[in-house]
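The values are calculated or read from the model by the stated rules, or taken from the named source; none is laboratory data. Just so it is clear, the model here is predicted, and its values are computed rather than measured. We place every Cβ from the backbone using ideal geometry, glycine too, and count neighbours over all the protein chains shown. Quick note on the areas: whole protein, heavy atoms, side chains included, nothing else; ligands and nucleic acids left out. Shrake-Rupley method; radii C 1.70, N 1.55, O 1.52, S 1.80 Å.
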Amino acid sequence: MQYIRTLAIILLLTSGLARAADPVQVFACEPEWAALAQEIGGDAVAVFSATHARQDPHYIRARPSLIAAMRRADLLVCSGGGLEVGWLPVLLQKAGNPSVAVGAPGHLLAASVVELRDVPEHVDRSQGDVHPEGNPHLHLNPHNIDRVAGVLTERLQGIDPDRAQHYQARLEDFRQRWGVAIGDWERRGIRLQGLPVIVHHQAWVYLIDWLGLREVAALEPRPGIPPTASHLERLLQQVRGQGAAAILRTPYAAPEAADWLSARTGLPVLVLPYTVGGADGVNDLFALFERTLVQLESVHVQP
Ligand SMILES: [Zn+2]
């Protein structure tokens, strides 16, 4: 009897301990937020990324595996700003998980933390614009990453108060390293100011703004509308007239339009990583920006 009681107490204690040490389940819509949650959470979080770098985050299918991941999530971190409007509401509805429902502390949208660019004065979805709330590709300004890191830490501390110090220490460590890295990127970025670039999709607005690049044209006539032959012909004349240094595209964008223009102008196509996992070796946020800078520097060297 004594033995059984002791065993029961041991089981009770160890199960309690196991619960206390359970990682916070983080559901990230995009790899950049998965990487940030990993930076702040370390081994206190288990992070699931709904998408990878070769998927267009505008267009994702609400697969059963995503619903299952959403069901067990304690915290959701997504770009917001309409980027996931085609699939996130469906996932939330099917998962029915109150911890991450809209308005819950476990529902964090980066777009609610930073100011969106290109917010239209009049929303007209009839034209098929996939950015009716403004531009949601906000992670490509590293200062935005820093802002989201702060709020992400607060949310983790609210969900998992026992490890509040752990999250705070990791935030401070991340911010220290991130600040040093930003300083380096911005020093190098001075030489990139004014660099004229053509974009495929408006995925680079925050990067262009941060580094002071100059967007001269977009291959998509409107965000989300594929390039047409007549639009490309117009661009060709425009580029021949005013010049550009490179065509930027994401790893997930169809290559044909950029390749077409490149073949006729000699402009290099830069497939920038766009997010974590977007190129070999780009395994965290630091490598994402570092690789982006290195690729932009590769076209800047002109007489
Ligand atoms: Zn977009």
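The table below lists the values:
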read-out: Filter result for the condition that a residue is in contact with a Gly (Cβ under 8 Å, 6 or more places away or on another chain), charged (D, E, K, R) and farther than 29 Å from His52 by Cβ, over Arg264, Arg214; value: Arg214
read-out: Qualifying positions in segment 24-47 - more than 14 Å from the chain's Cα centre (by Cα), open to solvent by 50 Å² or more (accessible area, probe 1.4 Å) and under 19 Å from Val100 (Cα atoms); value: Gln25
read-out: Lone qualifier among Ala46, Ala68 - being hydrophobic (A, V, I, L, M, F, W, C), in the same structural domain as His131 (by TED's automatic domain parsing) and out of contact with any helix residue (DSSP H, G or I) (no Cβ under 9 Å at 6 or more places or on another chain); value: Ala46
read-out: Any hit, segment 249-269, residues being within 22 Å of the chain's Cα centre (by Cα) and away from the ligand (no atom under 15 Å from the Cβ); value: yes
read-out: Among the candidates Val119, Val151, residue that is in the same structural domain as Ala34 (by TED's automatic domain parsing) and either outside any helix (DSSP H, G or I) or surrounded by fewer than 17 Cβ atoms within 10 Å (Cβ to Cβ) (or both); value: Val151
read-out: Candidates Ala37, Ala69, Ala53 - the one that is more than 28 Å from Pro255 (Cβ to Cβ) and in contact (Cβ under 8 Å) with a residue 60 or more places away in the chain; value: Ala37
read-out: Subset of segment 145-163 (residues that are under 14 Å from Ala35 (Cα atoms) and either without any contact (Cβ under 8 Å) to a residue 60 or more places away in the chain or within 16 Å of the ligand (Cβ to nearest atom) (or both)); value: Asp146
read-out: Residue match in segment 248-261 (condition: part of a strand (DSSP E or B), closer than 20 Å to Glu186 by Cα and in the same structural domain as His201 (by TED's automatic domain parsing)); value: yes
read-out: Residue that is farthest from Ala53 (Cα to Cα), among those in segment 122-138 that are aliphatic (A, V, I, L, M) and in a loop (DSSP other than H, G, I, E, B); value: Val123
read-out: Every residue from segment 173-209 that is among the aromatic types (Phe, Trp, Tyr) and within 22 Å of Pro57 (Cα to Cα); value: Trp204, Tyr206
read-out: Residues of segment 276-298 satisfying the condition of being more than 18 Å from Ile182 (Cβ to Cβ) and part of a loop (DSSP other than H, G, I, E, B); value: Gly277, Gly278, Ala279, Asp280, Gly281, Asn283
read-out: Residues that are within 17 Å of Asn144 (Cβ to Cβ), open to solvent by 60 Å² or more (accessible area, probe 1.4 Å) and either more than 16 Å from the ligand (Cβ to nearest atom) or more than 19 Å from the chain's Cα centre (by Cα) (or both), drawn from segment 178-225; value: Glu186
read-out: Elements of type helices (runs of 4 or more DSSP H) in segment 1-105, at least 2 residues being modelled with pLDDT of 95 or more and not small (Gly, Ala, Ser); value: 31-41, 64-71, 88-95
read-out: Members of segment 55-81 found to be touching a Gly at 6+ places or on another chain (Cβ under 8 Å) and closer than 23 Å to Ile145 by Cβ, listed by number; value: His58, Ile60, Ala73, Asp74, Leu75, Leu76, Gly81
read-out: The one condition in (1) open to solvent by less than 20 Å² (accessible area, probe 1.4 Å); (2) within 24 Å of the chain's Cα centre (by Cα); (3) of a type outside the set (S, T, N, Q) that Leu236 fails to fulfil; value: (2)
